[in-house]
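**Q** The structure follows.
The values are calculated or read from the model by the stated rules, or taken from the named source; none is laboratory data. Nothing here was measured: the structure is a model prediction, and the numbers come from that model. Note that each Cβ is placed from the backbone with ideal geometry, even for glycine, and that neighbours are counted across all protein chains shown.
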Amino acid sequence: MKVPLHIVNARRQQLAAWMQQHGHASLQEICAQFDVSEATARRDLCALAAEKQLVRTYGGALVEHNHRFASFRERREKAAKAKARIAARAHRWIRPNSTIYFDAGTTVYAIAEELVRNPVEPLTVVTNSLPVADILSAAPRLRMHLLGGELLPRQSVLIGEMAGKALQFYKLDVAFMGAQAADARGLWNSQPEVVAFQRRLLETAAAAVFCLDDSKLGREAPVFLVEWSEVDALVTNASPRRLEALGIPAMGRPRVQEV
């Protein structure tokens with residue numbers, strides 16, 4: 001029996017409102033919440049995605065990331081002391097005559113601030129982060145390369161296929177990277193386009209160093225990024241006991257550097 005169109009539209013608007021509150025959800029969660037089949041849930045999600053009310057992900061959906069994501073300035077103020085400690089430790093990975101990648105995010109930005117205070121010369125920096133490019137643009141004996149792409153204003157980052165393809169022109173010694181969450185399985189982020197770019201970055205860099213404060217640990221985000229076996233180091237302010245309790249590996253790869 002075909003459901004009347006006005007009922008379908010009402011359900012979809014309820015789903016859109018519910019997604020705005022929750023940010024992201026799996027297909028199973030949506031089915032349970034609205035008492036519909038997976039086929040019906042998929043049709044509803046496709047319709048809402050076509051209206052740009054949400055973004056489809058593998059096994060679920062999330063609301064359009066750039067509209068609900070906290071601005072760079074808002075995120076920079078959170079856990080500032082922890083980020084400064086992480087940055088001081090991560091700075092040890094930087095060596096003269098190397099090419100370093102700075103990912104987007106406020107913890108990685110803190111590493112750029114540390115580099116201004118304690119320059120390493122000469123150095124080549126590649127980034128898709130506008131704040132990183134700005135703060136390091138005047139650093140002595142530092143060559144700055146900014147990747148092109150689509151601007152996500154609230155993240156202050158350039159992203160997309162153009163940025164990903166540009167990575168092939170660089171031989172990166174170290175990539176400082178961030179993520180929205182981490183658990184025993186690995187690292188997670190909140191947007192498919194960002195994850196696609198970061199996966200290319202992982203293929204390009206000789207060493208991938210993830211920098212996360214304690215608040216990111218023991219959580220998941222909408223999109224899985226990478227398993228721990230593919231990560232070279234995690235720099236964090238979390239204690240070894242907390243890492244062990246969360247099932248995040250602290251021996252061998254990745255090399256966990258608590259601060």
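**Q** Checking the conditions here, which among Ala175, Ala163, Ala184 is in a strand (DSSP E or B), touching a helix residue (DSSP H, G or I) at 6+ places or on another chain (Cβ under 9 Å), small (Gly, Ala, Ser) and under 25 Å from Trp93 (Cα atoms)? Reasoning before the result, please.
**A** Working: Ala163 fails: in a strand (DSSP E or B); Ala184 fails: in a strand (DSSP E or B).
Sole residue among the options that is in a strand (DSSP E or B), touching a helix residue (DSSP H, G or I) at 6+ places or on another chain (Cβ under 9 Å), small (Gly, Ala, Ser) and under 25 Å from Trp93 (Cα atoms): Ala175.
**Q** Quick check: is even one residue across segment 200-211 surrounded by fewer than 20 Cβ atoms within 10 Å (Cβ to Cβ), of a type in the set (Phe, Trp, Tyr), assigned by TED's automatic domain parsing to the domain that holds Asp103 and at pLDDT 95 or above?
**A** No, every residue in segment 200-211 fails to be surrounded by fewer than 20 Cβ atoms within 10 Å (Cβ to Cβ), of a type in the set (Phe, Trp, Tyr), assigned by TED's automatic domain parsing to the domain that holds Asp103 and at pLDDT 95 or above.
Okay, residues lined up against (1) among the β-branched types (Val, Ile, Thr); (2) part of a loop (DSSP other than H, G, I, E, B); (3) in contact with a Ser or Thr (Cβ under 9 Å, 6 or more places away or on another chain):
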{"position": "Ile86", "(1), (2), (3)": "yes, no, yes"}
{"position": "Pro96", "(1), (2), (3)": "no, yes, no"}
{"position": "Ala104", "(1), (2), (3)": "no, yes, yes"}
{"position": "Val126", "(1), (2), (3)": "yes, no, yes"}
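**Q** For the structure I just gave you, tell me whether Ala182 is in contact with a Phe, Trp or Tyr (Cβ under 8 Å, 6 or more places away or on another chain), farther than 17 Å from Ala110 by Cα, assigned by TED's automatic domain parsing to the domain that holds Tyr101 and in contact (Cβ under 8 Å) with a residue 12 or more places away in the chain. Explain how you work it out, then say what you get.
**A** Numbers: in contact with a Phe, Trp or Tyr (Cβ under 8 Å, 6 or more places away or on another chain): yes; farther than 17 Å from Ala110 by Cα: yes; assigned by TED's automatic domain parsing to the domain that holds Tyr101: yes; in contact (Cβ under 8 Å) with a residue 12 or more places away in the chain: yes.
Answer is yes for this residue.
**Q** If you don't mind, there's one more thing I want to ask. Of the numbered conditions (1) over 24 Å from Val231 (Cβ atoms); (2) touching a strand residue (DSSP E or B) at 6+ places or on another chain (Cβ under 8 Å), Ile86 satisfies every one except a single condition; which is it?
**A** (1)
**Q** To continue, here is another question. Give the residue that is farthest from Glu230 (Cα to Cα), with candidates limited to residues of segment 182-196 that are in contact with a strand residue (DSSP E or B) (Cβ under 7 Å, 6 or more places away or on another chain) and among the aliphatic types (A, V, I, L, M).
**A** Per the stated criteria, the residue is Val194.
**Q** Also, I was wondering about something else. Against the condition modelled with pLDDT of 85 or more and loosely packed, with under 15 Cβ neighbours inside 10 Å, how does Asp35 come out, does it pass? Lay out the reasoning, then the answer.
**A** Working: modelled with pLDDT of 85 or more: yes; loosely packed, with under 15 Cβ neighbours inside 10 Å: yes.
Yes, satisfied.
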